[in-house]
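Engineer: My questions will all concern the structure given below.
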Amino acid sequence: MELQFFGERLAQIRLAKGVSARDMSLSIGQSANYINKIENKKAFPSMTMFFYICDYLNISPQDFFDESNRRPEQAAVLIEDLKRLDEQELSHIAWLVKRLLCKS
């Protein structure tokens, strides 16, 4: 695992959540500059701390490493909501998504 990828991905997800590195560091029980060190490629979290980071960001470890998912927290919430829809409702949502993607 490259420090560069890890730090950049952490910053991307943290910024999408709208939280400062300092606040995140303190919220997971670390020193004020802990997340900053990771994002600046000066440190690498332990596996345990990685799981705490994912919990704090409300994402799975798999979501963390999925670079194509730019907003993993929002995607996870949407997926949970989609699971509650019936087949016809899902078809409507799928149609709408396809239409939106065609306009991009």
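The values are calculated or read from the model by the stated rules, or taken from the named source; none is laboratory data. Remember, predicted model here, so these are calculated numbers, not experimental data. Because the Cβ atoms are built from the backbone with ideal geometry, glycine has one as well, and the counts that use them run over all protein chains shown. Accessible surface is based on the protein model in full, side chains and every heavy atom, while ligands, DNA and RNA are left aside. Shrake-Rupley method; radii C 1.70, N 1.55, O 1.52, S 1.80 Å.
Engineer: Just read off the accessible area of Phe51 with the full protein assembly in place, 1.4 Å probe, to the nearest 10 Å².
Structural biologist: 100
Engineer: Let me ask you something else. Under a point-charge model restricted to the Cβ atoms of Lys and Arg (+1) and Asp and Glu (-1), what is the dipole moment magnitude of the chain relative to its Cα centre, in debye to the nearest 20? It would help to have the intermediate numbers written out before the result.
Structural biologist: On the way: 14 positive and 14 negative charges, 88 e Å.
I would put it at about 420 debye.
Engineer: Ignoring any ligand, DNA or RNA, what whole percent of the accessible area of the chain comes from carbon and sulfur when the probe is 1.4 angstrom? Can you show the working numbers first?
Structural biologist: Working: 3920 of 7310 Å².
Carbon and sulfur: 54 percent of the exposed surface of the chain.
Engineer: Report the relative contact order of the chain, percent, no decimals, based on alpha-carbon pairs under 8 angstrom and at least 6 residues apart.
Structural biologist: Values: 69 pairs, mean separation 24.3, N = 104.
Over the chain, the number comes to 23 percent.
Engineer: Something else: Tell me, rounded to the nearest percent, the portion of alpha carbon pairs in the chain spaced more than 15 Å apart.
Structural biologist: Numbers: 3587 of 5356 pairs.
Result for the distance tail: 67 percent.
Engineer: Follow-up question, since we're still on this one. Between Ala16 and Phe50, how many nm apart are label points set 7 Å from Cα along the C-beta direction?
Structural biologist: Spacing of the two 7 Å Cα→Cβ label points: 1.8 nm.
Engineer: Further question on the same structure: Between Glu87 and Leu101, how many nm apart are label points set 7 Å from Cα along the C-beta direction?
Structural biologist: So the two model labels end up 2.2 nm from each other.
Engineer: Among Lys37/Lys98; Lys41/Lys98; Lys83/Lys103; Lys17/Lys37, which pairs are too far apart, with a Cα-Cα distance over 29 Å? Mind showing how you got there, number by number?
Structural biologist: Working: Lys37/Lys98 40 Å; Lys41/Lys98 38 Å; Lys83/Lys103 26 Å; Lys17/Lys37 19 Å.
As for pairs spanning more than 29 Å Cα to Cα, those are Lys37/Lys98; Lys41/Lys98.
Engineer: Whole number in Å², please: accessible area per residue of the chain, 1.4 Å probe, ligands, DNA and RNA not counted. If you can, show how the numbers build up before the last one.
Structural biologist: Numbers: 7310 Å² over 104 residues.
Per residue, the chain has an accessible area of 70 Å².
Engineer: For the modelled label position 7 Å from the Cα of Ala32 along Cα-to-Cβ, which residues of segment 40-54 have backbone nitrogen atoms closer than 17 Å?
Structural biologist: none
Engineer: While we're on this one: Solvent-accessible area of Val77, probe 1.4 Å, all protein chains present, reported in Å² to the nearest ten, please.
Structural biologist: Surface open to solvent at Val77 totals about 80 Å².
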